[in-house]
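Enquirer: Just passing along the structure, written as structure tokens.
The values are calculated or read from the model by the stated rules, or taken from the named source; none is laboratory data. Here the structure is a predicted model, which means the values were calculated and not measured. Because the Cβ atoms are built from the backbone with ideal geometry, glycine has one as well, and the counts that use them run over all protein chains shown. Ligands, DNA and RNA are excluded from the accessible area calculation, which covers all protein heavy atoms including side chains. Shrake-Rupley method; radii C 1.70, N 1.55, O 1.52, S 1.80 Å.
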Amino acid sequence: MSMLIHLLVFCIIQGKMSCLMINDIDAGLGRFGNTQMTVNNQIVVGTLMNLSDNPTRVSIGQDWRETDITNRIPIIVTGNDFSTIYAPLIRDGRMDKFYWQPNLEDIVNIVHRMYQKDGISRDDVVSIVNTFPNQALDFYGALRSLTYDRSISKWIDDIGGAEKLGNKLLNKRKDEKLPVFTPPEQTVEALLESGYSLLREQQLIMETKLSKEYMKNIDD
């Protein structure tokens, strides 16, 4: 948080069009349940409010000076739940808010960019998105990650299993080469298989409801 404060206070225009991006601000400044507001959180919120009210004059503990004018760059923040942030910071006048809900076309474009280096065509991406509708964007990124996880697990088994992995990588002889991992070729079939596997995981979480099993006496 201290680094963020310095960025907010000292970011000035250096002859180029620029802005300060703060991603997922609610993860650092948001309050969830009984989480406490730390001093660093309060300083960051206060600095942001100060910048919003007086963009060209922000005190850093010194006396105000009439000539102390600084040209500052725009600050853009992103987040998922701004209701967890200190309300006066996000009030109208201090913060302009824009709500983005991706439509099907946006999702296809984003997912296509994810798989562009893998040679997955746009038509294939449309097929994948239509096969798994109403999923978060992270879901489609996880499809690719899962294919790598499976390939790595198979690679570990091929070189002797997890028990011998340490010896293979760390205790090799000087004339012995390290095992080589070949990245998997991404195909629509492999991505669909990963997608169905993730759906089963989601369904299992919804059906298991272990919290009810652990606290079953509460309803009695």
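Enquirer: Where does the range 68-220 land on the Kirkwood hydrodynamic radius, alpha-carbon pairs, in angstrom? Let's see the in-between values first.
Expert: Numbers: mean 1/r = 0.0485 Å⁻¹.
With all distinct Cα pairs of the range 68-220 included, I get 20.6 Å.
Enquirer: With the crude spin-label approximation of a point 7 Å out along Cα→Cβ, what separation in nm comes out for D24 versus D81?
Expert: 1.4
Enquirer: Return, for the Cα atoms of the range 125-169, the radius of gyration and Dmax in Å, separated by a comma.
Expert: In order Rg, Dmax, the Cα atoms of the range 125-169 give 15.6, 45 Å.
Enquirer: What share of all Cα pairs of the range 102-144, in percent, falls into each consecutive 5 Å distance bin?
Expert: For the range 102-144, the binned pair fractions read 5, 25, 43, 23, 4 percent.
Enquirer: Kindly report the accessible area of the range 102-172 per residue (heavy atoms of protein chains, probe 1.4 Å, no ligands, DNA or RNA), in Å².
Expert: Working: 4410 Å² over 71 residues.
Value returned for the range 102-172: 62 Å² of accessible area per residue.
Enquirer: With a Förster radius of 41 Å, plug the Cβ-Cβ distance of E201 and N71 into 1/(1 + (r/R0)^6) and report the FRET value to the nearest 0.05.
Expert: Details: r = 51 Å, r/R0 = 1.24.
In this case the efficiency is close to 0.20.
Enquirer: Still on this structure: Rounded to whole Å and ordered largest first, report the semi-axes of the equivalent ellipsoid of the range 143-189 derived from its Cα gyration tensor (root of 5λ).
Expert: Values: eigenvalues 129, 25, 10 Å².
For the range 143-189, the ellipsoid semi-axes come out as 25, 11, 7 Å.
Enquirer: Something else about it: Which is farthest toward the positive dipole end of the range 113-159 among Q116, F139, I152, measuring Cα position about the Cα centre, with Cβ charges +1 (Lys, Arg) and -1 (Asp, Glu)?
Expert: About the Cα centre, the residue reaching furthest to the positive side is Q116.
Enquirer: Mind jotting down a quarter of the surface of the convex hull over the alpha carbons of the range 74-135, in square nanometres, one decimal? Walk me through the numbers on the way to the answer.
Expert: Working: hull surface 24.8 nm².
Projected over every direction and averaged, the Cα hull of the range 74-135 covers 6.2 nm².
Enquirer: Still on this structure: Working out 0.36 nm times the residue gap between T38 and M95, then minus their Cα-Cα distance, what length gain in nm do you get to one decimal?
Expert: Values: separation 57, 0.36 × 57 = 20.52 nm, distance 2.25 nm.
Full-extension gain reported as 18.3 nm.
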